[in-house]
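Worksheet: the structure to be examined is printed underneath.
The values are calculated or read from the model by the stated rules, or taken from the named source; none is laboratory data. As the structure is a prediction and not an experimental result, all values here were calculated from the model. Glycine also receives a Cβ, built like all others from the backbone with ideal geometry; neighbour counts cover every protein chain displayed. Please note that ligands, DNA and RNA were not included when accessible areas were found on the heavy atoms of the full protein model with its side chains. Shrake-Rupley method; radii C 1.70, N 1.55, O 1.52, S 1.80 Å.
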Amino acid sequence: MKMRFNTQDAFMQSMEESIQKNVSLAAYNTFRFAYHAEYFAIAETLDSLKKLLAWANHFNQTVTMIGGGSNLLISADVTGLVIINRLSGINAREHRGNLVSLTVAAGENWHQVVAFAVQEGWFGIENLALIPGTIGAAPVQNIGAYGVEIKDVLARVQVIDKTSGDVYWINARDCGFAYRDSYFKGKWKDKLLITSVELSLKKQADLLLSYGGLSDRIEGKPSLASVFKLVCDVRSEKLPDPTMLANSGSFFKNPIISQAIHSDLKVRFPNLVSFPFEDGFKLAAGWLIDQAGWKGKQYQGVGVYEKQALVLVNYSEENAEPLLELEAKIKQSIFELYGVELEREPVQLPLTPLIETGHVEATN
Ligand SMILES: Cc1cc2nc3c(=O)[nH]c(=O)nc-3n(C[C@H](O)[C@H](O)[C@H](O)COP(=O)(O)OP(=O)(O)OC[C@H]3O[C@@H](n4cnc5c(N)ncnc54)[C@H](O)[C@@H]3O)c2cc1C
């Protein structure tokens, strides 16, 4: 349905063509919950994104960006303008020596970029193969797998200020990256959208193979292409393909606990799966949930994936309530059993605004 504006402004009227009203988001989130966007548009160029932001400012509408919708928990209709990011373009610059700069527009598919880098023989992101979604969302939660996080290869990100429309670059070290976290998920979430990402890759072999799940399946000296294939194979075996079974990957973060709590848990649960992390330990949330008996359990039309307890799946629900109830039950049971609080990984929409906006260091 097209919208009508009560304004004489020719530019704002011209936006009528690209903005739709009351559009289902079922095809735009991998949980496939069928909530609606009040206003909806697809941005294919930076210029069209700027115009959409100007429209939203003019009509005082909030803006929510969706990439692949693979890290979202939409639990109500989204007011304001939802923009689907389809900015495209990829540009590589080979430097003398070992480095390659790969600059990619934010709407490109992450896995396709990994496949491209591997094909070109560039090292650094092969362990992150087959993670769904766009490259622009990858820094938001600092995606990671098999011992690598995007922050390890990220040089800088290009952003657009939602209100002013200013476009500028921010160095990766200023983005507040942490485990599945960044300022884009926190204090910048109401202010900035990522429009492009610059990765720093290597031309000479630099593989990280020590992580469990990869190390035990590697023989001899593997090539870049064979590591890429192994990561794809391992992931396909244990994670549901969202096009076949709706899910958003890991539903909970791995809890980080102190050494003292870890020692106590280790006495009570000698088989506890944990990894040293900074001053304490990271617990395998999937193991905690599995041991608590949740793996494969179904609740109404949702459930816990039968091959990986960290993944919640949606068999048939159009709304998120059963999933939110299942989440609460799992959290309570894990707390009662281990005294550990689980934290959700996907972002819940609609977003709740933060008061703090923070200071942004810009570079050119
Ligand atoms: C089967 C499966 C496996 C997964 N495995 C992993 C894994 O191994 N490791 C991992 O870290 N994650 C994993 N994920 C989660 C998910 O794929 C990543 O978080 C991914 O980066 C999300 O990208 P997206 O484009 O789908 O983001 P979306 O879900 O569209 O958006 C996520 C958040 O980022 C915001 N956002 C999106 N684009 C932008 C932008 N350009 N600028 C600013 N904000 C933006 C959105 O508003 C939202 O808050 C998995 C998900 C699935 C379904």
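Could you compute the net charge surrounding Leu192? Neighbours are other residues with a C-beta less than 9 Å from the C-beta of Leu192; K and R count +1, D and E count -1. Mind showing how you got there, number by number?
Details: positive: Lys162, Lys189, Lys191; negative: Asp161, Asp190.
Net charge in that neighbourhood comes out at +1.
Nearest 500 deg cm²/dmol is fine: what mean residue ellipticity at 222 nm does the chain get from its DSSP H runs of n ≥ 4 alone, each adding -39,500 (n - 2.57), divided by its residue count?
Working: 7 runs with 79 residues, N = 364.
One gets -6500 deg cm²/dmol as the mean residue ellipticity at 222 nm.
Could you give the alpha-carbon Rg of segment 67-122 over 2.2 N^0.38 Å, rounded to two decimals? If you can, show how the numbers build up before the last one.
Details: Rg = 15.9 Å, N = 56, 2.2 N^0.38 = 10.2 Å.
Its radius of gyration relative to the 2.2 N^0.38 Å reference: 1.56.
Mean-square fluctuation check for the chain, GNM, Cα pairs under 10 Å: which of His36, His58, His111 is largest?
His58
For the chain, what is the Kirkwood hydrodynamic radius in Å, using each pair of distinct C-alpha atoms? Before the final figure, lay out the partial values.
Numbers: mean 1/r = 0.0458 Å⁻¹.
By the Kirkwood definition, the hydrodynamic radius is 21.8 Å.
Select from Leu351, Leu288, Ser333 the residue farthest towards the positive end of the dipole of the chain; place +1 on Cβ of Lys and Arg, -1 on Cβ of Asp and Glu, and compute about the Cα centre.
Leu288
What ranking of Ser316, Ser48 comes out by heavy-atom accessible area, probe 1.4 Å, highest first? Let's see the in-between values first.
Numbers: Ser316 85, Ser48 35 Å².
From most accessible down to least: Ser316, Ser48.
Could you give me the ³J(HN,Hα) list for segment 249-254, computed from phi with Karplus coefficients 6.51, -1.76, 1.60 and θ = phi - 60°, whole Hz, x at Gly and Pro?
After applying 6.51 cos²θ - 1.76 cosθ + 1.60, I find x, 4, 8, 10, 6, 6 Hz.
For q = 0.15, 0.18 Å⁻¹, what log10 I(q)/I(0) does segment 8-153 give under the Debye formula with an equal point scatterer on each alpha carbon and no solvent?
Relative scattering, expressed as log10 I(q)/I(0), comes to -0.83, -1.05.
Quick one: work out Rg over Rh on the C-alpha atoms of segment 16-85, Rh as Kirkwood radius. Walk me through the intermediate numbers first.
Working: Rg = 11.5 Å, Rh = 12.1 Å.
So for segment 16-85, dividing Rg by the Kirkwood Rh gives 0.95.
Let's see if you can work this out: charge +1 on each Lys and Arg Cβ, -1 on each Asp and Glu Cβ, no other charges. What is the dipole magnitude of the chain about its Cα centre, in debye to the nearest 20?
On the way: 35 positive and 41 negative charges, 70 e Å.
Roughly 340 debye for the chain.
If contacts are Cα pairs under 8 angstrom and at least 6 residues apart, what is the relative contact order of the chain in percent? Show your work: numbers first, answer last.
Values: 725 pairs, mean separation 60.7, N = 364.
Here the relative contact order equals 17 percent.
Given N residues in segment 252-344, what is Rg(Cα) / (2.2 N^0.38 Å)? Intermediate results must be reported in sequence, preceding the final value.
On the way: Rg = 13.9 Å, N = 93, 2.2 N^0.38 = 12.3 Å.
Normalised Cα radius of gyration, segment 252-344: 1.13.
I'd like to check one number: the per residue accessible area of the chain, probe 1.4 Å, reported in Å² as a whole number. Walk me through the numbers on the way to the answer.
Values: 17290 Å² over 364 residues.
About 48 Å² of surface per residue is accessible.
Which value, to two decimals, describes the C-alpha radius of gyration of segment 122-268 once divided by 2.2 N^0.38 Å? Provide the component values of the computation, followed by the final result.
Numbers: Rg = 17.7 Å, N = 147, 2.2 N^0.38 = 14.7 Å.
Expressed relative to 2.2 N^0.38 Å, the Cα Rg reads 1.20.
In Å and on Cα atoms, what radius of gyration and Dmax does segment 199-313 show?
For segment 199-313, the Cα radius of gyration and maximum Cα-Cα distance read 17.1, 51 Å.
Within 10 Å, at most 11 other Cβ atoms, and a DSSP state outside H, G, I, E, B define an exposed site. Report the longest part of the chain free of exposed trypsin sites (Lys or Arg not before Pro). Could the numbers behind the result be given before it?
On the way: sites that count: Arg4, Arg96, Lys307.
My reading of the result: 97-306 is the longest stretch.
Compute, for Glu94, the solvent-accessible surface of its heavy atoms (probe 1.4 Å) with the complete set of protein chains present, and express it in square angstrom to the nearest 10.
About 110 Å², ignoring ligands and nucleic acids.
Per the Kirkwood definition applied to all pairs of different Cα atoms, how many angstroms is the hydrodynamic radius of segment 104-157? Don't jump to the answer; show the numbers that get you there.
Numbers: mean 1/r = 0.0904 Å⁻¹.
Computed over Cα pairs of segment 104-157, the Kirkwood hydrodynamic radius comes out at 11.1 Å.
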